[in-house]
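A short worksheet on the structure shown next.
Only the coordinates and a few stated rules stand behind these numbers; no lab work does. Small disclaimer: the values here were computed from a predicted structure and weren't measured. Glycine gets a Cβ as well: all are built from the backbone with ideal geometry, and neighbour counts include every protein chain shown.
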Amino acid sequence: MVVRSVLVFSIGAVLMMIGSGASNEWIAPGPLNSHHAQVLNGAAWNDRCASCHAAAERPPATWLNALVGSDLGPTQSTKCMACHDKTIDPRLALVAHNVPAAKLRVAAGSLGDAEAAQQSLQLACSVCHQEHHGADHAIAAMDNTRCQSCHEQQFGSFVTDHPNFGTWPYQRRTPIAFNHATHSGKHFAEKGRPFACQQCHVEGATRNVQLTLGYEAACAECHDTDIASGTASGVALLTMPTLDVDLLNDAGFAISDWPERATGDFDGRLPAIMKLLLAADPNARKAMGILGEDFDFFDIDPDDHTHLTAVADLTTAVCQLLEQLASTAEPNPLMRGLPRELIAEAEHQWHDGGGWSATRRPGTWFSDAASLSIRYQPVGHADEVLRAWYDAVVTHSNSQLRDALLPELVGPGAPGRCTTCHSIDAAHDGQLTINWRAHDRRSEPRHFTRFSHAPHLLPIELRDCTACHAINQTADAASNYSGHNATAFVSDFHPITKAACASCHHSAAVGESCTQCHNYHVEAW
């Protein structure tokens, strides 16, 4: 009888507590982490539980429904994502590592059956992030056993069980085509200068990453001369080819007002940008398809009516292009600063031997009587017009035309020699892009492996970059840039070994926690 009375009294007391206005205070298991407490500080304090717990939005009487599996509304993880949706894709919030299973398999290489099965699990946030353990509780911290509850491959310690790094951190060729071996062993040696990593690489503001200095600080002293020599005669926007006007007229094509100085035997090539501009004309595009995008007028067969038709169509398109350039006032990055009156002056020069009187200065346009062309004089490195020309060709939607024009812009003889240093990458869909800047780790998506230089530069023996990044003088790094596949490469550095890290990363020194070097939440890549 006494036991029954105590039980009834206890149940009554509990119901009174959870039914009171201070119910949250009675049932709270402990104080919040300081970050969450700060966020909730501005809300109605008595209602703060509802920010994270769906059940708190319902009357206490309905909590009993949870005992028999009734739905109480949004899950706790849904509540978490109401605040964390900016850092984690809500659609992938409960998926392992926030990565679709197909991509996770690719990233992991070969997974065992047990680990592959884990990929389909829905992992609630609270599986790893436990609240109500005090203001100083590290809610994001995870121990190794938590990681290994899903991973089939178990790690007793980093030293004995972690696999070697393979090619990490060298996962692709560098965006800037820089050969460390030849610069250190040849170019710097020839100039009698020491080769030091710090001449090009400096610490970022946080010291977590190393940044590459810009062209002026790291490259200009040696490369300004090369760039200037590559653009000494200017870069042709358009060139008038030599045409056998009499033959075309006799074949029934009315060619009139073609410059006298551009008549004679078929001869000459069209610059890449001129072809790009002409390609906007369907007839010219068809004509270049017949002759081949890399055609030379010298190769025209005068007995082939198809060739002559294509030449006539191109001639019409060239005249229309000149008229358009002379009349349009619309800004075009490919012709930034081109004076419209230059076109008329150039045509006068080609007909009568007159000339354009403007002084040739960097960043200006001029006509050249010898080559019957309109040319641009770049200002040097990072010239905006020349860069626009390269981008226009590389990103052109017609891959056939793009691939035909690219050879003119690639190699040591290309205008400005831009692609000598700035590599061209191909995406999975075949689209190309030019790497105008060096790689910046600050722009990388959050991936599985993370590394901070800051703590590693504290030991004196590691302050010399070559302690970890040792140049491989025998590597054929120059071959890395023969194609557009950035991941098909040979690193000019020796791999970083696990042994180099294991001397410090063990339980008796700096530790060997998985999360010291690995992220759980990753971003799309």
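Span-like helix check, the chain: qualifying full DSSP H segments, with Cα axial length of 20 Å or more and mean Kyte-Doolittle of 1.0 or more, are 2-19. Charges were assigned to the Cβ only: +1 to each Lys and Arg, -1 to each Asp and Glu. The resulting dipole of the range 315-400 about its Cα centre is roughly 240 debye. Since only His422, Pro302, Leu409 are under comparison, the one whose Cα sits farthest along the positive direction of the charge dipole of the range 301-426, derived from C-beta charges on Lys, Arg, Asp and Glu, is His422.
Taking other C-beta atoms within 10 Å as the exposure proxy, Glu345, Glu323, Glu523 rank Glu323, Glu523, Glu345 from fewest upward. Ranked by the mean number of other Cβ atoms within 10 Å per residue, highest first, peptides 187-198, 256-267 order as 256-267, 187-198.
Mean residue ellipticity at 222 nm from the helices of the chain, using -39,500 (n - 2.57) per DSSP H segment of n ≥ 4 over the full residue count, to the nearest 500 deg cm²/dmol? Don't jump to the answer; show the numbers that get you there.
Working: 20 runs with 167 residues, N = 525.
Only helices count here, giving -8500 deg cm²/dmol.
Rounded to the nearest 20 debye, the dipole size of the range 229-420 about its Cα centre is 1080 debye, using +1 on the Cβ of Lys and Arg and -1 on the Cβ of Asp and Glu. Stretching Thr160 away from Arg207 to a fully extended chain increases their span by 13.9 nm, per 0.36 nm per residue minus the current alpha-carbon distance.
Charged side chains reduced to their Cβ positions (Lys and Arg at +1, Asp and Glu at -1) give the chain a dipole of some 2880 debye around its Cα centre. Counting only lysines at least 8 places from Lys103 when in the same chain, those with an alpha carbon closer than 23 Å to its own are Lys86.
Averaging sequence separations of C-alpha pairs under 8 Å and six or more residues apart, then dividing by the length of the chain, give the relative contact order as a whole percent. Intermediate values should be presented prior to the final figure.
Numbers: 631 pairs, mean separation 91.0, N = 525.
It rounds to 17 percent for the chain.
Segment Ala141..Ala196, full-extension length gain: 15.9 nm, with 0.36 nm per residue of separation and the alpha-carbon distance subtracted.
Label positions at Ala500 and Thr167, each projected 7 Å from the Cα along the C-beta direction, are separated by 1.7 nm. For Ala232 and Asp304, a Förster radius of 35 Å and the Cβ-Cβ distance give a FRET efficiency of 0.35, rounded to the nearest 0.05. Cross-link partners of Lys275 among lysines, defined as those whose alpha carbon lies under 22 angstrom from its own and excluding same-chain residues fewer than eight positions apart: Lys286. On the basis of the beta-carbon distance and an R0 of 35 Å, Glu221 and His428 show a calculated FRET efficiency of 0.35.
Among Tyr520, Tyr376, rank each residue by its count of other Cβ atoms within 10 Å, from fewest to most, as a rough exposure measure. The partial results should precede the final answer.
Details: Tyr520 17, Tyr376 26.
The order, fewest Cβ neighbours first, is Tyr520, Tyr376.
Sorting the segments 94-101, 441-448, 484-491 by their mean number of nearby beta carbons within 10 angstrom, highest to lowest, gives 94-101, 484-491, 441-448. Relative protection proxy for 360-369, 213-222, from highest mean packing down: 360-369, 213-222 (other beta-carbon atoms within 10 angstrom). If the Kirkwood radius is taken over C-alpha pairs of the range 229-420, then at 10 °C and 1.306 mPa s the Stokes-Einstein diffusion coefficient equals 92 µm²/s.
The structure-derived value of P(r) over Cα pairs in 10 Å bins from 0, in percent appears in the list [x] 4, 18, 29, 27, 16, 5, 1, 0; [y] 3, 13, 18, 16, 14, 13, 10, 7, 4, 2, 1, 0, 0; [z] 4, 18, 27, 24, 17, 9, 2, 0 under the label [y]. Between the residues Val245, Ala346, Cys319, the greatest Cα displacement towards the positive end of the dipole of the range 229-420, with unit charges on the Cβ of Lys, Arg, Asp and Glu, is found for Ala346.
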